[in-house]
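The values are calculated or read from the model by the stated rules, or taken from the named source; none is laboratory data. On a predicted model such as this, the values are computed, not experimentally measured, just so you know. Quick reminder, even Gly has a Cβ in these numbers, built from the backbone with ideal geometry, and neighbours come from all protein chains shown.
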Amino acid sequence: MDIIISGRNLQITDQLRELVETKVSKLSRYLPNISEARVDLASRSTKSAEDRQVVQLTLRANGALLRAEDKSSDLRSSLDAVLDKMSRQIERYKGKHWRSQNRVEAPEPVFTESQGDAREQVVRIKRFETMPMYVDEAIDQMELLGHDFYLFYNAETDNYAVTYRRHDGGYGLLLPELS
């Protein structure tokens, strides 16, 4: 497992790096096929002291992306809390039946991010490779990420689609058609 640690507004000391690597590497006990773990540590200037230290953890495993975040007044507390959240996410992920006879196997998606300045309105551009998946897989991935919508390549229609969470608790599916 590759562990990538980045910091914003704080110095990542060797001691802190070692602590993060030790704790994050223990997640491979629960999910042995983690290919990458990205840990983003940030110190913010906020009015609330409880929200100053932010830890975000993103795991890539078997084409799935798992993400957890926590804010507190102490970096170590945030790290422990985010690891607890990630452990619960891993359990949910493992509980899902991802493989069946009709599922399409595809390589793991690669996400890249860049700041866009081509237009004033666009403040951030995200590029990512996607793999063909079915609607239920896309909903599971959306839930694991904690998002309200999820763009995916629909294996049934061979086209892009968007699944989203409705206010009534259900899910919706957008299937674009060219006119």
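Residue-by-condition table, conditions (1) part of a strand (DSSP E or B); (2) over 17 Å from His147 (Cβ atoms); (3) outside the structural domain of Glu21 (by TED's automatic domain parsing):
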| residue | (1), (2), (3) |
| --- | --- |
| Lys47 | no, yes, no |
| Arg60 | yes, no, no |
| Arg67 | yes, no, no |
| Arg76 | no, yes, no |
| Lys85 | no, no, no |
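Confirm whether Tyr160 is under 23 Å from Gln89 (Cα atoms), part of a strand (DSSP E or B) and among the hydroxyl-bearing types (Ser, Thr, Tyr). No: the conditions fail for Tyr160. Filtered by the rule that a residue be touching a Lys or Arg at 6+ places or on another chain (Cβ under 6 Å) and either at positive phi or of a type in the set (Lys, Arg) (or both), segment 14-64 gives Arg44, Arg52. Of everything listed in (1) surrounded by fewer than 16 Cβ atoms within 10 Å (Cβ to Cβ); (2) under 22 Å from Arg92 (Cβ atoms), the single unmet condition for Ile125 is (2). Listed conditions (1) closer than 25 Å to Ala155 by Cα; (2) modelled with pLDDT of 55 or more; (3) in a loop (DSSP other than H, G, I, E, B); (4) of a type in the set (A, V, I, L, M) are all met by Val122, apart from (1). Number of residues in segment 160-179 that are charged (D, E, K, R) and touching a helix residue (DSSP H, G or I) at 6+ places or on another chain (Cβ under 8 Å): the value is 1. Remark: pairs (first residue in segment 62-73, closer than 13 Å to Glu91 by Cα and polar (S, T, N, Q); second residue crowded, with 17+ Cβ neighbours inside 10 Å and modelled with pLDDT under 90; Cβ separation under 8 Å; 6+ apart in sequence or on different chains) are absent.
In segment 28-61, of all residues being of a type in the set (A, V, I, L, M, F, W, C) and farther than 13 Å from Tyr93 by Cα, the one that is surrounded by the fewest Cβ atoms within 10 Å (Cβ to Cβ) corresponds to Ala49. Among the residues of segment 2-38, the one identified as part of a strand (DSSP E or B) and touching a residue at least 40 places away in the same chain (Cβ under 8 Å) is Ser35.
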